[in-house]
Amino acid sequence: QCGTPPLRQVYFDALLSCRRRAALKWQDTPLAKAFKLSTEMDLLLEWSLARSIASAISGRSLVLHEAFDRFDVGRDGRLDAAEVYGALVWLGLRPSPRDAFAFIEHVDADHSGTITFRQFEQGVAAFARGADDDGGGDDDDGGSSDDDDD
């Protein structure tokens, strides 16, 4: 991967300045991760952690809201680093403290240092939908496709 996160940000800002009309700030979009992560490996580790969380929640027959409520020890509607770490331990993931901070950083859209249910849901929902799969990602039923009109 070329360039450091700050260099990628400078390049992207210059590219956006060429646009005629203003759009959403890139800081408020998922693209912001490209300027925080050093390498693709960092992104892969974040995805892996989110997938592991989703799979472990599913393995305990919980839906995301039930899991969030169990993890929210302080009952304030937000998960802090200690609660996320406790959740990862309870799920059997053998985390490091850095894993808890990385997960919060990954899903904390408002940069408050804690995550709401909505942020938690968005952070693991895509992975939770596929947690019951065998990891293949496509639901091929072995039948024919619609492309058989030839």
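The values are calculated or read from the model by the stated rules, or taken from the named source; none is laboratory data. Every value quoted in this text rests on a predicted model; they were computed, and no experiment measured them. No Cβ is skipped: glycine too gets one built from the backbone with ideal geometry, and neighbour counts run over all protein chains shown. In case anyone asks, the SASA skips ligands and DNA or RNA and just uses the protein heavy atoms, side chains included. Shrake-Rupley method; radii C 1.70, N 1.55, O 1.52, S 1.80 Å.
Taking Cβ atoms as reference points and 10 Å as the exclusive limit, the residues near G74 contribute a net charge of -2, counting Lys and Arg as +1 and Asp and Glu as -1. With a simple spin-label model that places each label point 7 Å from the Cα along the Cα-to-Cβ direction, the separation between E66 and L93 comes to 1.9 nm.
Spin-label model, A81/D42: points 7 Å from Cα along the beta carbon direction are separated by 1.6 nm. Going by accessible surface with a 1.4 Å probe and the largest first, L44, L91 read L44, L91.
Over all other residues within a Cβ to Cβ distance under 13 Å of H65, the charged ones net out to -2, with Lys and Arg as +1 and Asp and Glu as -1. Largest first, the residues L49, L93 sort by 1.4 Å accessible area into L93, L49. Heavy-atom accessible area for W47, with the other protein chains in place and a 1.4 Å probe, reaches approximately 120 Å².
Computed from phi, the 3J(HN,Hα) profile of region 53-67 under the Karplus parametrisation 6.51, -1.76, 1.60 (θ = phi - 60°) reads 4, 4, 5, 5, 5, 4, x, 9, 6, 10, 8, 4, 5, 4, 4 Hz, with x in place of Gly and Pro.
Computed 3J(HN,Hα) for region 99-112, one whole-Hz value per residue from the Karplus formula 6.51 cos²θ - 1.76 cosθ + 1.60 where θ = phi - 60°, is 4, 5, 5, 5, 5, 4, 4, 5, 10, 7, 5, 9, 6, 8, glycine and proline marked x.
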